[in-house]
Amino acid sequence: MTETLRIAMIGHGFMGAAHSQGWRVAPRFFDLPLEPEMTVVVGRNAATVEASARKWGWAESATDWREVIARDDIDVVDVVTPGNTHAEIAIAALEAGKHVLCEKPLANSVAEAEAMAAAATAAAARGIRSMVGFTYRRVPATTFARDLVAAGRIGEIRQVRAEYLQDWLMDPEGPMTWRLDKDLAGSGALGDIGAHAIDLTEYITGQRVTSVSGILETLVSERPLLGEGIGLSGTASAERGTVTVDDVALFTGRLESGALASFEATRFRTGRKNALRIEISGSKGAIAFDLERLNELEFYDATLPETGLGFQRILVTEHDHPYLAPWWPTGHMLGYEHGFSHQVYDFVTAIDEGTQPRPSFDDGLHVQRVLDAVERSSAAGSAWVRADD
Ligand code: SOE
């Protein structure tokens, strides 16, 4: 019989739903070496967390994460709370000997991320694994893009353009959520979605961002406070609150090789709902990806005869493409949620094999340093700031 891995998930918002889906579905499709058991979900409100447990298939619910982390019947702690609590929960869980999966961005500050990375290194020496939830690395088309780059198919990387475009804040009467509060979220579009653009760039190119020059802007600085309810489903009250994070982040960066990259993260790009896009130009070819068409990868092979040149659209749904083997027949599309199953597959496999899963807390710390460097650059009139120390 397969050994079990007993999971406690702390938090139960949007990411809680996505992670629950991953824990539930991954073992139904992938042959996992350990069987995840959805043991307990934790939230502050007993009634709502109980409802989440029932809906998503957790055996129990609880309201005190400290008590849950102290339990002997928990092997993994999955952190899906707002950023301001990541460090405290993840460090306590690692110290208690639990493997930790933590949502992105790793933390709200470099200091917190450093403490988390140090706790992860100490825990790794005791066989405890930790990983950051940058799930877009696990979309088959982005993993395939990484494979093409690593195989030299686009040659030497000359230029990168990475952007994450959403428009859910364009209505100035849209209510405040925790994502607009610096104390809870750390930063705005920059950390929430710009972090994905940075991680995906580093993952696909295999190079880190070493320095940046950026600008941050808040387009709507006051919004109605939330009345009843939580998140975007709550009702707006008559009172207004101050938005303390950026709505738009624009920055340029240099990769380790010296190649230039441009980044944009915005929640005001009218008409773009969830467009995480990346285009990488190299000496032998180029690749382009857009999350709004996540089953496709565009590939330009500049080594072909001139008359045959052009971007080709590869439908990344073949069984030989990354992660695709256990899913549907060719051409039967995957969606947003599959990345969370792939994340569970990779994390559980690493725990079983005793290897370091990526992105590690060190990778998450590096992204945090880039985010921090963009903030410092913006405050210094877009001066170039190093991000790799
Ligand atoms: C909200 O902007 C959000 O849900 C992010 O927090 C996620 O990380 C991203 O995947 C989609 O957008």
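The values are calculated or read from the model by the stated rules, or taken from the named source; none is laboratory data. Please read these numbers as outputs of a predicted model, since none were measured by experiment. So basically every Cβ, Gly included, is an ideal-geometry build from the backbone, and we count neighbours across all protein chains shown.
Quick notes
- Of all the listed residues (A286, A265, A261, A238), the sole one being crowded, with 22+ Cβ neighbours inside 10 Å and over 19 Å from the mean Cα position of the chain (by Cα) is A261.
- Enumeration of residues in segment 109-137 that are within 16 Å of the ligand (Cβ to nearest atom) and farther than 28 Å from P322 by Cα: none
- Given (1) under 22 Å from I7 (Cβ atoms); (2) within 16 Å of the ligand (Cβ to nearest atom), number of the condition N84 does not satisfy: (1)
- Any hit, segment 369-379, residues being exposed (fewer than 14 other Cβ atoms within 10 Å of the Cβ) and either at negative phi or in a helix (DSSP H, G or I) (or both): yes
- Checking each residue in segment 88-139 for being among the basic types (K, R) and closer than 25 Å to E163 by Cα picks out K104, R137, R138.
- Per the listing G174, G206, the residue uniquely more than 15 Å from the ligand (Cβ to nearest atom) and surrounded by fewer than 24 Cβ atoms within 10 Å (Cβ to Cβ) is G206.
- Qualifying residue in segment 225-233 (condition: within 12 Å of the ligand (Cβ to nearest atom) and not in a strand (DSSP E or B)): yes
- Residue in segment 145-160 that is within 29 Å of A87 (Cα to Cα) and in the same structural domain as L294 (by TED's automatic domain parsing) present: no
- Subset of segment 316-339 that is touching a His at 6+ places or on another chain (Cβ under 9 Å) and under 18 Å from F299 (Cβ atoms) - its residue that is surrounded by the most Cβ atoms within 10 Å (Cβ to Cβ): T317
- Candidates G97, G155: the one that is more than 16 Å from the ligand (Cβ to nearest atom), over 24 Å from G22 (Cβ atoms) and not polar (S, T, N, Q) is G155.
- Some residue of segment 238-249 being in a loop (DSSP other than H, G, I, E, B), within 22 Å of L365 (Cβ to Cβ) and within 16 Å of the ligand (Cβ to nearest atom): yes
- Any chance A288 is aliphatic (A, V, I, L, M), modelled with pLDDT of 95 or more and more than 19 Å from L190 (Cα to Cα): yes
- Matching strands (runs of 3 or more DSSP E) fully within segment 256-327 where at least 3 residues are within 16 Å of the ligand (Cβ to nearest atom) and touching a residue at least 60 places away in the same chain (Cβ under 8 Å): 260-266, 275-282
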